[in-house]
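Nothing in this text is a laboratory measurement; each read-out follows from the coordinates by a stated rule. Small disclaimer: the values here were computed from a predicted structure and weren't measured. Heads up, the Cβs are rebuilt from the backbone with ideal geometry, glycines too, and the neighbour counts pull from every protein chain shown.
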Amino acid sequence: VILNLLQNAKIHAFAGRKSGLVSVRAFPLTRDTICIEIVDDGVGIPAEYSDRIFEPFWSTKWNKGGSGLGLSVVANVVNRVLMGEITVNSVEGEGTTFRIVIPTTAPLASVDTDLHYNSD
């Protein structure tokens, strides 16, 4: 998850720039949850894209090698495997923060071995 978010920042956050900063920080929120934040000082996400970034096969880089799966996979792992939550806060021209809140211990029942497609 973290590696994918770092790769996403490398591809998207610093487009047209020679440098930038990405920081990763983790800290406990409660006794049973931790927070991981990936923060960049990049170009930010345009407001009209913010509701779509976790959709599968949606990408602003289709013609440049993007598959549209990176953030979708991240969201699915965080939400379905780790039983957590991921949110994003971004301001154009100022950067983006991805915030992941997960339990300190993922329940064993969170691993879904059923590979059948569910349209619900």
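If the label point is 7 Å along Cα→Cβ of ALA15, which residues in the range 38-53 have backbone nitrogen under 20 Å from it? Of the residues in the range 38-53, 39-53 have backbone N under 20 Å from the label point off ALA15. Whole-Hz Karplus values for the range 42-52 come out as x, 6, x, 10, x, 3, 5, 9, 4, 7, 10 Hz, taken residue by residue from phi with 6.51 cos²θ - 1.76 cosθ + 1.60 and θ = phi - 60°; glycine and proline positions read x. Sorted on the mean count of surrounding Cβ atoms within 10 Å across their residues, most packed first, peptides 79-88, 27-36 read 79-88, 27-36. Here's how it looks for ALA15: its modeled amide H is under 5 Å from those of VAL43, which are all 5 or more places away or on a different chain. Taken one residue at a time, the phi angles of the range 24-38 give Karplus couplings (6.51, -1.76, 1.60, θ = phi - 60°) of 10, 9, 9, 7, x, 9, 9, 4, 10, 9, 10, 10, 10, 10, 10 Hz. Gly and Pro are set to x.
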